[in-house]
Amino acid sequence: MPDEMLQLAVLHSLLERHKGCAGALLPILHELQEGIGYIPDAAIPEIAHALNQSQAEIRGVISFYHDFRTAPPARHILRLCRAESCQSRGAEQLAAQLRERLQLDDHGSSADGNISLRPVYCLGACACSPALELDGQVHARLSAERLDALLDACQEDA
């Protein structure tokens, strides 16, 4: 994880680059998360000041969009589709399997910080449901056995 000085350097560079641009908040938040992995709490007052907005406005945007993180991410990000097509093809059973195996609810990270679980409501793989995305790669027509194999590979990689 980048240290605090690097985080500040990334943030100041972004703020300078987007200074005076209309609608700069979302690009700043996306680029900050891309650069350091999450949006640190300490960045919020600086972003608010640079954009002449309140901290509440910045926090409201961060909490509204589910892809923004305010804590360092787990090593592996697993997003299980919970849309209708995937639900009808067994996503709820897969979600239960994930909750049991990782010992967490539908949102959160495993105790070892290795896997983060997040529900999403469409991955665009409806014809091949159920589907999940693991570290940006979609896995479709998922079975309980394939899910276990993916989780085993994540644990081996730890």
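The values are calculated or read from the model by the stated rules, or taken from the named source; none is laboratory data. All figures in this text were calculated on a predicted structure; none of them were measured in a lab. No Cβ is skipped: glycine too gets one built from the backbone with ideal geometry, and neighbour counts run over all protein chains shown.
Side notes on the structure shown:
- Contact annotation: residue pairs with Cβ atoms under 8 Å, 6 or more positions apart or on different chains, pairing a residue in region 8-22 that is more than 14 Å from HIS49 (Cβ to Cβ) and assigned by TED's automatic domain parsing to the domain that holds ILE39 with a partner that is surrounded by 13 or more Cβ atoms within 10 Å (Cβ to Cβ) and modelled with pLDDT of 85 or more, are VAL10/LEU32; VAL10/GLY35; VAL10/ILE36; CYS21/PRO27.
- If the condition is being assigned to a loop (DSSP other than H, G, I, E, B) and among the small types (Gly, Ala, Ser), then region 31-58 contributes GLY37, ALA42, SER54.
- Taking the criterion of being farther than 17 Å from HIS30 by Cα and more than 10 Å from the chain's Cα centre (by Cα), the residues of region 56-75 that qualify are ALA56, ARG75.
- Test: residue in region 64-75 that is surrounded by 13 or more Cβ atoms within 10 Å (Cβ to Cβ), within 29 Å of ASP157 (Cβ to Cβ) and touching a residue at least 60 places away in the same chain (Cβ under 8 Å): yes
- Screening ARG82 on (1) of a type in the set (D, E, K, R); (2) surrounded by 16 or more Cβ atoms within 10 Å (Cβ to Cβ); (3) at pLDDT below 90 shows it passes everything except condition (3).
- A single entry from PHE64, PHE68 fulfils the requirement of being touching a Phe, Trp or Tyr at 6+ places or on another chain (Cβ under 9 Å) and not small (Gly, Ala, Ser): PHE68.
- Where strands (runs of 3 or more DSSP E) sit wholly within region 92-158, none has at least 2 residues that are at negative phi, more than 17 Å from the chain's Cα centre (by Cα) and surrounded by fewer than 20 Cβ atoms within 10 Å (Cβ to Cβ).
- Residue count, region 41-60 (criterion: within 23 Å of GLY108 (Cα to Cα) and either of a type in the set (Ser, Thr, Tyr) or touching a helix residue (DSSP H, G or I) at 6+ places or on another chain (Cβ under 6 Å) (or both)): 3
- Those residues of region 15-34 which are surrounded by 14 or more Cβ atoms within 10 Å (Cβ to Cβ) and either modelled with pLDDT under 90 or out of contact with any Pro (no Cβ under 8 Å at 6 or more places or on another chain) (or both), in sequence order: LEU15, ALA24, LEU25, ILE28, LEU29, HIS30, GLU31, LEU32, GLN33
- Qualifying residue in region 7-17 (condition: of a type in the set (Ser, Thr, Tyr), in a helix (DSSP H, G or I) and closer than 27 Å to ARG75 by Cβ): yes
- Evaluation of VAL61 against the conditions (1) assigned to a helix (DSSP H, G or I); (2) of a type in the set (Val, Ile, Thr); (3) touching an Asp or Glu at 6+ places or on another chain (Cβ under 7 Å) shows that the sole unmet condition is (3).
- A count restricted to region 64-86 and to residues that are in a helix (DSSP H, G or I) and among the β-branched types (Val, Ile, Thr) stands at 0.
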